[in-house]
Amino acid sequence: MAADQEAARAPGPIAGRLGHLRTTLAVTGMVLALTVVAGAAMAGSAGALGAAAGVLVVVSSYLLSDLAVAWADSVSPKLVFSVGLGTYLFKFSLFGMALLAAPGDGWAGQRPLAVAMVAAVVCWVGAQVWWTARHGTPTSDATRSDPDRI
């Protein structure tokens with residue numbers, strides 16, 4: 001009975017590859033709060049809106065790429081490179097479109113938007129590196145037990 005309950009709680013093939021999300025989302029949530037306050041202090045409500053938009057663009061793009069790469073790895077590790085590269089290109093295109101979509105040069109939220117995007121990227125990547133250093137890669141145990149997996 002205990003083995004059945006443990007199996008029911010075990011992460012699925014994709015969920016097991018996304019263990020870092022709790023840490024990265026928590027850190028990025030703190031970045032969101034800090035940049036919104038800083039944006040509001042710098043440029044009022046437009047600055048707060050710009051900062052929030054910057055962090056949310058980064059979070060949505062990183063979530064998209066993490067989900068896509070986890071899916072690709074669950075299907076076949078050989079897909080990871082092409083899916084990762086495709087989402088990388090899409091992600092940075094999304095960043096550029098977000099900056100271009102912001103109202104003209106006179107919009108007070110443009111600088112907080114850009115600063116928040118940079119802060120969110122640095123903190124997301126830093127949190128993911130920290131998590132990976134502490135927990136290892138999700139497939140490291142499986143690769144050691146099955147050398148033909150790669």
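The values are calculated or read from the model by the stated rules, or taken from the named source; none is laboratory data. Note that the coordinates shown come from a computational prediction; the quantities given were computed from them, not determined experimentally. Note: ideal-geometry Cβ built from the backbone for every residue, glycine included; neighbour counts use all protein chains shown.
Some points to look at:
- Taken over the stretch 1-43, residues that are modelled with pLDDT of 90 or more, surrounded by fewer than 13 Cβ atoms within 10 Å (Cβ to Cβ) and more than 28 Å from VAL69 (Cβ to Cβ) amount to 1.
- Single match in THR87, THR23 (criterion: in contact (Cβ under 8 Å) with a residue 60 or more places away in the chain and of a type outside the set (Gly, Ala, Ser)): THR23
- Of the listed requirements (1) modelled with pLDDT of 90 or more; (2) of a type in the set (D, E, K, R); (3) over 16 Å from the mean Cα position of the chain (by Cα), ASP66 misses just one: (3).
Yes or no, residue by residue, for (1) at pLDDT 85 or above; (2) part of a helix (DSSP H, G or I):
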site	(1), (2)
LEU89	yes, yes
ALA98	no, yes
VAL118	yes, yes
VAL121	yes, yes
TRP124	yes, yes
VAL129	yes, yes
ALA133	yes, yes
THR137	no, no
ALA142	no, yes
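- Scanning the stretch 100-116 for residues that are closer than 12 Å to LEU49 by Cβ and in a helix (DSSP H, G or I), we see that the one that is modelled with the lowest pLDDT is GLN110.
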